[in-house]
1. Would you grab the residues whose amide H sits under 5 Å from the one on Thr150? Only those 5+ places off in sequence or on another chain, please, with H modelled 1.01 Å from N.
2. Projecting each Cα onto the charge dipole of the chain (Lys/Arg +1, Asp/Glu -1 at the beta carbon, about the Cα centre), which of His170, Thr191, Ile138 comes out farthest on the positive side?
3. For Lys218, give me every one of the lysines with a C-alpha distance below 16 angstrom, ignoring sequence neighbours fewer than eight places off in its own chain.
4. What is the sum of charges around Met174, taking Lys and Arg as +1, Asp and Glu as -1, for the other residues whose C-beta is under 13 Å from the C-beta of Met174?
5. Amide H neighbours of Tyr244 under 5 Å, counting only residues 5+ apart in sequence or on other chains, H built in-plane at 1.01 Å?
6. Report, in debye and to the nearest 20, how large the dipole of the range 174-306 comes out about its Cα centre when Lys and Arg carry +1 and Asp and Glu carry -1 on their Cβ.
7. Given charges of +1 on the Cβ of Lys and Arg and -1 on the Cβ of Asp and Glu, with all other atoms neutral, how large is the dipole of the range 39-97 about its Cα centre, in debye to the nearest 20?
8. Give the separation of the Cα centroids, the range 279-332 to the range 40-91, in Å.
Amino acid sequence: MATTYIYACKPHLLLLYILLLLQHFDVGKSQLEVNYYRTSCPRAEQIIKEQVIQLYNKHGNTAVSWLRNLFHDCMVNSCDASLLLDTAEEVLSEQASPRSFGMRNFKYVNTIKEAVEKECPITVSCADIIALSARDAIVQLGGPAIQIKTGRRDSKQSYAADVENFIPNHNDSMSLVLSRFQQIGVDVEGTVALLGAHSVGRVHCVNIVQRLYPQVDKTLDPSHAEYLKRRCPNPNPNPKDVQYSRNDLVTPMIVDNNYHKNILQHKGLLTVDEELATDPRTSPYVNNMAHDNDYFNQQFSRAILLLSENNPLTGDQGEIRKDCRYVNRNAN
Ligand code: HEM
Ligand SMILES: *[C@@H]1O[C@H](CO)[C@@H](O)[C@H](O)[C@H]1NC(C)=O
């Protein structure tokens, strides 16, 4: 009836109707929306925020982990919480990939999920918990407030074997880094902003010593190299040793442009950090962000949104996990 009416009266309305229909079937980004749980679980976002704050007050570095989780989950195929699946039967967890080295606090994701489950069982996805906890963590870490959309669903598998094809290594070339981010729709400016996440957290000595021994990397600031040698005296550290350096010695728990200031002074820890400051494609943005924290915040917010909306599962794809570590036993 409706179609006949539209067709009969206004041909241009038919076009509009087709467009709306196409939009309806378009999967992915367009199906995420602000406050997706407003009717199914109105307090979901509030509960997650409360948990993030409580955990931050007990273990500040949980907030740092929520930020890194967003990168490692969304970059690999989709923001689908595949990162959170435990190794089970023949499936290896993404957490076991060498690229996940140093990731921590996974057990506290369960704390957040349990609080949400108590209020609304099997309603809020683990993928949205990753996205919302990252958003709230950024605020706890003094960064910008970002309006993150929701409606993601959880994968039924993990992709440990794919991780290295998506997440760059600490010493990869800037060309490779930029192409990885471009693949998920993050441009050069956005990539420079996202690396600003390295204004918080730490790097273990295994990821630093290549720049210290046998010779000090000439691109590294000499006094910083001395400092790093004191932090990492062993040229062949055991990966199990908890020897590390903080990324940012001045404001180690604040997401800000101090990362960009540091790398301009050649005090970045990773090879990719140093490359970002000197590659002609990225250095103009590094300069501008180092000199203008508002500009950094604006670009960081834009790029976090792009990252958080990478190829989500929506509609009836995937599932809503009850426990973020396991796929549901009985298909729901
Ligand atoms: C070229 C891209 C990137 C590379 C190669 C890279 C690599 C690394 C490495 C090697 C570490 C140290 C791990 C350790 O030794 O413990 C690290 C830490 C970290 N990364 Fe990245 N990263 C990249 C981009 C990002 C992005 C885009 C984000 C978030 C938006 C991010 C967030 C973090 C955080 C928060 C930490 C500190 C973790 C902690 O202290 O627990 N990284 N990254
Ligand atoms: C990068 O570092 C790893 C060790 O983390 C090493 O095995 C690899 O050879 C390095 N690659 C380059 C291009 O230097």
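1. Result for Thr150 returns Glu33, Val34, Asn35, Tyr36.
2. Going by the Cα projections, it comes out as Ile138.
3. The qualifying lysines are Lys229, Lys267.
4. Values: positive: Arg180, Arg281; negative: Asp172, Asp273, Glu274, Glu275, Asp279.
My count for the surroundings of Met174 gives -3.
5. HN-HN under 5 Å from Tyr244: Cys205.
6. On the way: 13 positive and 14 negative charges, 98 e Å.
It comes to approximately 460 debye.
7. Details: 4 positive and 8 negative charges, 92 e Å.
For the range 39-97, the charge dipole is close to 440 debye.
8. One Cα centre to the other: 12 Å.
The values are calculated or read from the model by the stated rules, or taken from the named source; none is laboratory data. Bear in mind that the values here come from a model prediction, so they are computed numbers and not experimental data. Neighbour counts run over all protein chains shown; Cβ positions are idealised from the backbone, glycine included. Protein only, heavy atoms only, side chains kept; ligands, DNA and RNA dropped before computing areas. Shrake-Rupley method; radii C 1.70, N 1.55, O 1.52, S 1.80 Å.
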